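The values are calculated or read from the model by the stated rules, or taken from the named source; none is laboratory data. What you are looking at is a predicted structure, and each value in this text was computed from that prediction instead of being measured. Backbone-built Cβ (ideal geometry, glycine too); neighbour counts: all protein chains shown.
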Amino acid sequence: MGSKEKETVCVTGGSGFIGSCLVRLLLLRGYSVHATVQNLNDPSETHHLQALQGAEERLRLFAIDLLDATSLRAAISGTAGVFHLASPCIVDRVHDPQVQHLNHMPHNILSVFMQSQLIDPAVKGTLNVLQAAKESGVRRVVLTSSISAIVPSPDWPASTIKDENCWTDLEYCKKNEVWYPASKTMAEKAAWQFSKENGLDIVAVNPGTVMGPIIPPTINASMVMLVRLLEGCSEEYADFYMGPVHVEDVALAHILLYENPSASGRHLCVQSIAHWSDFASKVAELYPQYKVPQFPKDTQPGLVRAKDPAKKLIALGVDFKSMERIIQDSMESLKSKGFIS
């Protein structure tokens, strides 16, 4: 796709766990990057990006609000491609300290809160990004969706391995109040509809539980899952887990999807399709000094296990790091950053 020295791309959610890793890799490959943050005056959002190799010459930071189209246009203007990662992430309101108070909210107020805090930024924010990309003449948008737009899907045929044809059951989500998968599913479906109606070239990547080295000073939702596990948490994430993936593999997948014109549609991005119990037992085996609980064999109802399920990304050249490597790199990073002892 031409000389990368001159090409400028935009990364929304650039200060986050996946975003920082993607910005780092793009800079190393010679791209110029417009990375978006929420607050330019917050060093916890900016310093780790400004410290990246190549940042001084080829990184510009923009403050955006996903619901403010003008701020998005400024960040996307003059770029050839957009990586849309920014989206609120609340995996589990029961245990997330930021949203613990939600457990005591009346049902109708909770629904309104989730609509405004999670679903609107995910869906309307995505459509605002796509509209700005279209107006700016962007060549391709790589959308960061999630396995949460694939599971929970209780009606998927029982003995069949889940793939890109599988979609999260929105009725199930509403009935069981699992809001995060609902938000990711609605955002991805809205993106495909926009693409169809407006002729915008979009490809989607659907990562599993993303772990590995942490660049930002704060810890993300999926790494919190590992920290909790080490502390003895027995949550099984029945509706949120489909398998692990290394953050560097996710970042590379985004770039390969951008650089390969023939890539199209959705792309499952997991090292394996596994149950949370498989991941937990591997952690316990590698780090017996922690109090990792024992789980039943099947923690994800009806999920068929599979090796190398991300066939589309493997064909593009992603060589997925093993579960063992994902855990080891995550543990090293958590220790060095002081999140675990």
### Task
Mind listing whichever residues of the range 186-208 are farther than 16 Å from VAL123 by Cβ and under 17 Å from the mean Cα position of the chain (by Cα)?
VAL203, VAL205, ASN206, PRO207, GLY208
### Query
Right, SER262: among the polar types (S, T, N, Q) and either within 22 Å of PRO288 (Cα to Cα) or crowded, with 20+ Cβ neighbours inside 10 Å (or both) or not?
no
### Scope the range 148-165; condition touching a helix residue (DSSP H, G or I) at 6+ places or on another chain (Cβ under 9 Å) and either in a helix (DSSP H, G or I) or within 21 Å of PHE194 (Cα to Cα) (or both); matching residues
SER148, ALA149, ILE150, GLU164
### Query
Is it the case that the range 256-263 has a residue that's within 30 Å of ARG139 (Cβ to Cβ), among the polar types (S, T, N, Q) and modelled with pLDDT of 95 or more?
yes
### Query
Name the residues in the range 240-256 that are crowded, with 22+ Cβ neighbours inside 10 Å and either more than 15 Å from the chain's Cα centre (by Cα) or closer than 13 Å to THR209 by Cβ (or both), would you?
PHE240, TYR241, MET242, GLY243, PRO244, VAL245, HIS246, VAL247, ASP249, VAL250
### Message
For the list (1) within 26 Å of SER159 (Cα to Cα); (2) free of Cβ contacts under 8 Å to residues at least 24 places away in the same chain; (3) not polar (S, T, N, Q), I need the number of the one condition that PRO288 fails.
### Response
(1)
## Note on the structure
The residue from LYS291, LYS282 that alone is among the charged types (D, E, K, R), over 18 Å from ILE161 (Cα atoms) and not in a helix (DSSP H, G or I) is LYS291
### Query
Tally time: how many residues in the range 210-221 are buried (at least 21 other Cβ atoms within 10 Å of the Cβ), outside any loop (DSSP other than H, G, I, E, B) and more than 8 Å from the chain's Cα centre (by Cα)?
1
### Task
Could you tell me which numbered condition LYS291 fails, if it satisfies all but one of (1) out of contact with any Gly (no Cβ under 7 Å at 6 or more places or on another chain); (2) at pLDDT below 95?
(1)
